[in-house]
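Novice: I am attaching a structure below and will ask some questions about it afterwards.
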2 protein chains.
Amino acid sequence: MAGPLPDCEALDAADPLARFRDRFVLPEGVTYLDGNSLGALPRATSARLAAVVEQEWGEGLIRSWNAAGWIDAPHRVGAKIARLIGAAEDEVVVADSTSVNIYKLLCAALAADPRRTVLLTEPDNFPTDLYIAQGIAEACPGVTVRTLPRDAILDALGPSTVLLLTHVHYKSGARFDMAAVERRAAEVGAVVVWDLSHSAGGLQLDLAGDRAQLAAGCGYKYLNGGPGAPAFLYVARALQSQLISPLTGWMGHAAPFAFSDRYEPAAGLARFLCGTPPILGLAALECGVDIVLEAGIEALAHKGRALGDRFIAEVAACCPGLELASPRDATARGNHVSFRHPHGYEVAQALIARGVIGDFRDPDLVRFGFAPLYTRFADVRHAAQTLGEVLARELWREPRFAERASVT
Amino acid sequence: MAGPLPDCEALDAADPLARFRDRFVLPEGVTYLDGNSLGALPRATSARLAAVVEQEWGEGLIRSWNAAGWIDAPHRVGAKIARLIGAAEDEVVVADSTSVNIYKLLCAALAADPRRTVLLTEPDNFPTDLYIAQGIAEACPGVTVRTLPRDAILDALGPSTVLLLTHVHYKSGARFDMAAVERRAAEVGAVVVWDLSHSAGGLQLDLAGDRAQLAAGCGYKYLNGGPGAPAFLYVARALQSQLISPLTGWMGHAAPFAFSDRYEPAAGLARFLCGTPPILGLAALECGVDIVLEAGIEALAHKGRALGDRFIAEVAACCPGLELASPRDATARGNHVSFRHPHGYEVAQALIARGVIGDFRDPDLVRFGFAPLYTRFADVRHAAQTLGEVLARELWREPRFAERASVT
């Protein structure tokens, strides 16, 4: 390595995003490196939710669907997310869960072209992506799921392919080159559905520039929308009128409040809405998205790379021999970094017991997420030092750390 | 009519449920008769949501999936709803929207038996039910949607039929005899999916006793879960292991946190979960359900019938000639009552301008819902008198009442 690392406190003092940390609730004594699993609570959210509940619901009652703009919330919050991912404002809506949105997009992509019969993805993709694809193949005669290692995927694309990729891998943090994948897909007539769950709000994305056509992603990670926040869905404008959602609920109708007997899809992206929008979840998500917009995605992405780089360097110093399971090059990574350890579960638990909250991912990964809105360089150093201590003194050997909780 | 009606104030004074009204936020100067569209806000909800947000999310962060029982919430709240609809505790889960749940049940019912090819329902059913069925038929070769007037439905049932009925009609309030429908369906080998949106929390249901097999329903009407609250889904225990949800998301996996590559459905009803559960929505819904449980569904159903009967009698006195569009017999009705008027939209708006909030339903219905938890007999009389005044003096003729809002 090239000389001593710059002082973390100095980096934090010079960080233009440092002031955003106070805009979040962060418990005392905790170094939270799991914002890639559940983003921290923005301080603004409590008051906003209280207003939505007490004024809009309590006082406004049914009138708030119009008067408080509830009916527009999926589009309004979607338009804000669009600005974070390089999409036009009418290309993103908030609806349902990531799983349900991936289902909609895969089914719509299959139905739009009878040549499409293969749902291609990589093994070890995030489970819900794999499961949703498998469920569709099970239900649709002639459709199969194929998995290929990521370096074999581009060569396998063809007009029969609907490719489902998670842009930033949930374990390794490895990041696909979206532009390159879309270029190849366009050449051979394949279509790509991107899962942006570990990307949106943490990385700079340019869906329009990269010619992405279909994507979905999570509201509760880097978008800070709260546990089980509603998800988002992106369809490039040119495709919107060609695709039909399999979930033809009333909110996707051209005129939902005409209460007609016959389904007629809405003209634009609204056709990918289904049931009544979840207003409490949308309100919390909007607070989380607003703070990302205010900080600016370019600055956040820059800091995210620097935090990850610093963590890798600190771990190299504190934990000799620990194997990095993530790309060393920050431009090939998302905002989380994983290391392999044969007792990864116990190591993660020992860290949590010491206030350093990362997580474990099967079979042997200890994962650390660096949400740039509220993570300091000093946190990164502290986490690496605590990890070094846990490993050097084998503190993970305490039997209590081996007990598996239902959610890990 | 047989003599003068008993005094409304006396009825309210004698009402064993009267004390529950103070447990809700109800705005000054408003007579709210739209709890069948959006239930009022329970006072307990604000504090509970604040605790979920500030303590469980803010302080507990990712740990709350285990420590605060988030992961069990779909089952915990589902078990409470089960007690309201005559189901066993492991036969109901909370998930997604009503539209998505109806989709799951219709697809699962079709897939379970290749003889099933007809989605039968009635014209003028709630639009999302019709639209979801139409979307499935569009996507599944060989599956058709058929609509028949309700009095022709039982004779048309056969082993090819998946019957989709809304138990209480959203316009007329007319109620199906669930036991009779299920009896006929069982005789001929049909299967029924019930939409309980206008029933659950307002009527006494006995899904087990009536041998119902599949149902879904809304969380934001008589269950008071708030705007866009998550919905529920019922599958009779005997069927649970035979049905596969089309939405095979990770929360429906036998071991979601094993992160395996292969979908394997959970043993019981959990297989009908899909994405990450919406914790804020579940918390609000639980508050709304708790208060229904506390009041007792039998007493609520009894009062609901009495309120509707009283409204019909008051309107007969105040609004001579106005045509009732709902069953006069309370046992054949849900908790809302509709009247026909050629200018129904304007009449509903004129009532809202006078603080009586009901709603309009195409083409000519003015609809009034009587949520027994917080509606008084005096409210019913006041609404009827205001309606009488609006009609007698033709107050609905003001041009502003004809302007259509986006949500009506």
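The values are calculated or read from the model by the stated rules, or taken from the named source; none is laboratory data. None of these values were measured; they are calculated from a predicted model. Cβ sites come from the backbone with ideal geometry, for glycine too, and all protein chains shown count toward neighbours. Ligands, DNA and RNA are excluded from the accessible area calculation, which covers all protein heavy atoms including side chains. Shrake-Rupley method; radii C 1.70, N 1.55, O 1.52, S 1.80 Å.
Novice: Determine which member of the set B:D90, B:D22, B:D72, B:D12 is among the charged types (D, E, K, R) and within 10 Å of another protein chain (Cβ to nearest Cβ).
Specialist: B:D72
Novice: Among the candidates B:L233, B:L247, single out the residue that is within 12 Å of chain A (Cβ to nearest Cβ) and surrounded by 24 or more Cβ atoms within 10 Å (Cβ to Cβ).
Specialist: B:L247
Novice: Residue by residue through region B:127-177, note down the ones that are among the polar types (S, T, N, Q) and more than 28 Å from A:A254 (Cβ to Cβ). First the steps, then the outcome.
Specialist: Step one: list which residues in region B:127-177 are among the polar types (S, T, N, Q), which gives B:128, B:134, B:144, B:147, B:160-161, B:166, B:172.
Those that are among the polar types (S, T, N, Q) and more than 28 Å from A:A254 (Cβ to Cβ): B:S160, B:T161.
Novice: Look at B:A185 and say whether it is open to solvent by less than 10 Å² (accessible area, probe 1.4 Å), small (G, A, S), touching a Ser or Thr at 6+ places or on another chain (Cβ under 9 Å) and assigned to a strand (DSSP E or B).
Specialist: No: the conditions fail for B:A185.
Novice: A follow-up question, please. Looking only at region B:250-265, which residues are at the interface with chain A (Cβ under 7 Å from one of its Cβ atoms) and farther than 19 Å from A:F360 by Cβ?
Specialist: The answer is B:Y263, and nothing else.
Novice: Here's another thing I want to ask about it. Provide a single number: the residues in region A:205-257 that are of a type in the set (A, V, I, L, M, F, W, C), assigned to a loop (DSSP other than H, G, I, E, B) and within 25 Å of A:V168 (Cα to Cα). First the steps, then the outcome.
Specialist: Pass one, region A:205-257, residues of a type in the set (A, V, I, L, M, F, W, C): A:205, A:207-208, A:212, A:214-216, A:218, A:223, A:229, A:231-233, A:235-236, A:238-239, A:243-244, A:247, A:250-251, A:254-255, A:257.
When the remaining residues are screened for being assigned to a loop (DSSP other than H, G, I, E, B), the result is A:205, A:207-208, A:212, A:218, A:223, A:229, A:231, A:236, A:243-244, A:247, A:254-255.
From what is left, the residues that are within 25 Å of A:V168 (Cα to Cα) are A:205, A:207-208, A:212, A:218, A:223, A:229, A:231, A:236.
Counting residues in region A:205-257 that are of a type in the set (A, V, I, L, M, F, W, C), assigned to a loop (DSSP other than H, G, I, E, B) and within 25 Å of A:V168 (Cα to Cα) gives 9.
Novice: Hey, another quick one. Among the numbered criteria (1) more than 24 Å from A:G275 (Cβ to Cβ); (2) in contact with a strand residue (DSSP E or B) (Cβ under 7 Å, 6 or more places away or on another chain); (3) away from chain B (no Cβ under 14 Å); (4) hydrophobic (A, V, I, L, M, F, W, C), which one does A:L148 miss?
Specialist: With respect to (1) more than 24 Å from A:G275 (Cβ to Cβ); (2) in contact with a strand residue (DSSP E or B) (Cβ under 7 Å, 6 or more places away or on another chain); (3) away from chain B (no Cβ under 14 Å); (4) hydrophobic (A, V, I, L, M, F, W, C), A:L148 is out only on (3).
Novice: Quick one: in region B:129-142, of everything that is touching a residue at least 24 places away in the same chain (Cβ under 8 Å) and either within 17 Å of A:G142 (Cα to Cα) or in contact with a Lys or Arg (Cβ under 8 Å, 6 or more places away or on another chain) (or both), which residue is surrounded by the most Cβ atoms within 10 Å (Cβ to Cβ)?
Specialist: Ranking the qualifying residues of region B:129-142, first place goes to B:C140.
Novice: Report, by residue number, each residue of region A:157-178 that is away from every other protein chain (no Cβ under 14 Å) and open to solvent by less than 30 Å² (accessible area, probe 1.4 Å). Before you say what the answer is, go through the steps one by one.
Specialist: The initial filter retains those residues of region A:157-178 that are away from every other protein chain (no Cβ under 14 Å), namely A:157-163, A:165, A:167-168, A:173-178.
Once the filter is applied, which keeps residues that are away from every other protein chain (no Cβ under 14 Å) and open to solvent by less than 30 Å² (accessible area, probe 1.4 Å), region A:157-178 yields A:L157, A:G158, A:T161, A:V162, A:L163, A:L165, A:H167, A:V168, A:G173, A:A174, A:F176, A:M178.
Novice: Next up: Would you say A:R76 is open to solvent by 20 Å² or more (accessible area, probe 1.4 Å), out of contact with any Pro (no Cβ under 9 Å at 6 or more places or on another chain) and farther than 19 Å from B:G281 by Cβ?
Specialist: When the stated conditions are applied, A:R76 does not pass them.
Novice: Out of (1) open to solvent by 20 Å² or more (accessible area, probe 1.4 Å); (2) within 21 Å of the chain's Cα centre (by Cα); (3) more than 10 Å from chain B (Cβ to nearest Cβ), the odd one out for A:D113 is which?
Specialist: In the conditions (1) open to solvent by 20 Å² or more (accessible area, probe 1.4 Å); (2) within 21 Å of the chain's Cα centre (by Cα); (3) more than 10 Å from chain B (Cβ to nearest Cβ), A:D113 misses (2) alone.
Novice: For region A:271-293, what are the residues that are touching a Ser or Thr at 6+ places or on another chain (Cβ under 8 Å), more than 10 Å from every other protein chain (Cβ to nearest Cβ) and not basic (K, R)?
Specialist: A:F272, A:C287, A:G288
Novice: Can you find a residue in region A:9-21 that is crowded, with 24+ Cβ neighbours inside 10 Å and either touching a residue at least 40 places away in the same chain (Cβ under 8 Å) or not in a helix (DSSP H, G or I) (or both)?
Specialist: No.
Novice: Let me ask another. Any chance region B:45-57 includes a residue that's more than 10 Å from chain A (Cβ to nearest Cβ) and either over 30 Å from A:R21 (Cβ atoms) or among the aromatic types (F, W, Y) (or both)?
Specialist: Scanning region B:45-57, I find no residue that is more than 10 Å from chain A (Cβ to nearest Cβ) and either over 30 Å from A:R21 (Cβ atoms) or among the aromatic types (F, W, Y) (or both), so the answer is no.
Novice: Can you name the condition, by its number, that B:P320 falls short on among (1) open to solvent by 70 Å² or more (accessible area, probe 1.4 Å); (2) closer than 26 Å to B:D15 by Cα?
Specialist: Going through (1) open to solvent by 70 Å² or more (accessible area, probe 1.4 Å); (2) closer than 26 Å to B:D15 by Cα one by one, B:P320 breaks only (2).
Novice: For B:G268, are the conditions met, namely being closer than 24 Å to B:A180 by Cβ, touching a residue at least 40 places away in the same chain (Cβ under 8 Å) and more than 11 Å from chain A (Cβ to nearest Cβ)?
Specialist: Against the criterion (closer than 24 Å to B:A180 by Cβ, touching a residue at least 40 places away in the same chain (Cβ under 8 Å) and more than 11 Å from chain A (Cβ to nearest Cβ)), B:G268 does not qualify.
To keep it simple, each residue is scored yes or no on (1) at pLDDT 95 or above; (2) over 20 Å from B:A87 (Cβ atoms); (3) not β-branched (V, I, T).
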residue	(1), (2), (3)
B:D151	yes, yes, yes
B:G158	yes, yes, yes
B:V168	yes, no, no
B:F176	yes, no, yes
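Novice: Here is a further query. Among the numbered criteria (1) on the phi > 0 side of the Ramachandran plot; (2) under 25 Å from the mean Cα position of the chain (by Cα), which one does A:G321 miss?
Specialist: (2)
Novice: Among what's in region B:355-388 and is open to solvent by 70 Å² or more (accessible area, probe 1.4 Å) and touching a helix residue (DSSP H, G or I) at 6+ places or on another chain (Cβ under 7 Å), pick the residue that is nearest to the other protein chains (Cβ to nearest Cβ).
Specialist: Among residues in region B:355-388 that are open to solvent by 70 Å² or more (accessible area, probe 1.4 Å) and touching a helix residue (DSSP H, G or I) at 6+ places or on another chain (Cβ under 7 Å), the one nearest to the other protein chains (Cβ to nearest Cβ) is B:R376.
Novice: State which residue is farthest from B:A179 (Cα to Cα) when the search covers only region B:200-221 and only residues that are within 14 Å of chain A (Cβ to nearest Cβ) and either open to solvent by less than 10 Å² (accessible area, probe 1.4 Å) or at pLDDT below 95 (or both).
Specialist: Within region B:200-221, the match that is farthest from B:A179 (Cα to Cα) is B:G219.
Novice: Give A:I85, A:I102 a once-over and let me know the one that is away from chain B (no Cβ under 13 Å), closer than 27 Å to A:G304 by Cβ and among the β-branched types (V, I, T).
Specialist: Only one candidate qualifies: A:I85.
Novice: Taking region B:307-323, which residues are in a helix (DSSP H, G or I) and without any contact (Cβ under 8 Å) to a residue 40 or more places away in the chain?
Specialist: B:D309, B:I312
Novice: Restricting attention to region B:337-353, report how many residues are within 14 Å of another protein chain (Cβ to nearest Cβ) and either among the β-branched types (V, I, T) or surrounded by fewer than 22 Cβ atoms within 10 Å (Cβ to Cβ) (or both).
Specialist: 2
Novice: Within region B:23-38, identify whether any single residue is open to solvent by 30 Å² or more (accessible area, probe 1.4 Å) and outside any loop (DSSP other than H, G, I, E, B), and answer yes or no.
Specialist: Among the residues of region B:23-38, at least one is open to solvent by 30 Å² or more (accessible area, probe 1.4 Å) and outside any loop (DSSP other than H, G, I, E, B), which makes the answer yes.
Novice: Let me ask something additional. Could you check region B:39-49 and list, in sequence order, the residues that are crowded, with 22+ Cβ neighbours inside 10 Å, of a type in the set (G, A, S) and more than 18 Å from B:T98 (Cβ to Cβ)?
Specialist: We begin by selecting, within region B:39-49, every residue crowded, with 22+ Cβ neighbours inside 10 Å; these are B:39-42, B:45, B:49.
Next, only the ones that are of a type in the set (G, A, S) stay: B:39-40.
Listed by number, the list holds a single entry, B:A40.
Novice: Sort out which residues of region B:143-153 are touching a residue at least 12 places away in the same chain (Cβ under 8 Å) and out of contact with any helix residue (DSSP H, G or I) (no Cβ under 9 Å at 6 or more places or on another chain), and write them in order of number. Don't jump to the end; show me each part of the working.
Specialist: Kept after step one, since they are touching a residue at least 12 places away in the same chain (Cβ under 8 Å), are these residues of region B:143-153: B:143-150, B:153.
Result: B:P149, B:R150.
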